[in-house]
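Derivation of every value follows stated rules applied to the coordinates shown; laboratory data play no part. Keep in mind the model is a prediction, meaning the values are calculated, not measured. Don't worry about glycine lacking a Cβ; one is built from the backbone with ideal geometry, like all the others, and counts go over all protein chains shown.
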Amino acid sequence: MCRAGREPTRVFAIILALTISFISCTSDSDDDDSDSVGEDDFDFDDDADDDGGDNDGAVDDDDDTGNDDVDDDLDDDVDIDIEGSWEEDTWPDAETGLTWQTTNIGPALGWEDAKSLCEALELGGFDDWRLPGISELRTIIRGCAETETGGDCLVTDECHVSDCDSGDTCDGDDIMEGPTQGCYWPSELSGRCTWYWSDTALTEDGWFTWYVSFSNAEIAAEMWDNVYLYVRCVRG
């Protein structure tokens, strides 16, 4: 009788022990997670992804800066930014007696602005800078015999009408194949390897002015209001 009466008690004790064990395991599991941050610890806004887009850390392959137009402009310019070896602000050319600004200004807002930029320049302790004539600008061409000083191209300060640009003698050479990191100027110079204004007008109509493109050593004329040409000032 006594043995039979103790069976429910034993069953109840076993169930109670199992229940306590289960509760203990569950409590330990929660304690283990207490030191880490989980989704249950925050009230996430389900609309956040809808407002801000996918925020899972993926890289946007289409755009590095957030502006496609800016990236396109940078890609277009990257191959013509030339850093020369000269560390000073000015370079005296012993062959001509001229002193050059080693880097560039610009682009200028047209030919008149280019002249004003040089006239306002104070550099190397001097304030008598000016825009170079086409003959002076030709003295810093390197690597193209036809457009260097004395070459077959006839355009000079003295010969500046359209007839002086005859045939292909002023067309220059291959783009970015000059001796200074691809640029057709001395290693002492640096800056943007592109078109540079001269002070010599094509006086035939008064609307065009001669320039040198140092990316290919070309000598040509451009309208006076072009806003893409750069400036390198000279004195002497």
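Reported to the nearest whole Å, the Cα centre-to-centre distance from region 166-231 to region 99-158 is 10. Using the average count of surrounding beta-carbon atoms within 10 Å as a protection proxy, the listed peptides 181-190, 116-125, 143-152 rank, highest first, as 181-190, 143-152, 116-125. DSSP beta bridges confined to region 126-236 are antiparallel in about 95 percent of cases. Full extension of the chain segment joining Glu122 with Ala220 gains 32.4 nm, where the gain is 0.36 nm per residue of separation less the Cα-Cα distance.
One chain, two ends: Glu158 and Thr203. Fully extended at 0.36 nm per residue, the span grows by 15.1 nm beyond their Cα-Cα distance.
Stokes-Einstein, applied to the Kirkwood radius of region 152-236 over Cα pairs at a viscosity of 1.567 mPa s and 4 °C, places its translational diffusion at 96 µm² s⁻¹. Each of the peptides 206-216, 96-106 was scored by the mean count of other Cβ atoms within 10 Å over its residues; in descending order, highest first, they stand as 206-216, 96-106.
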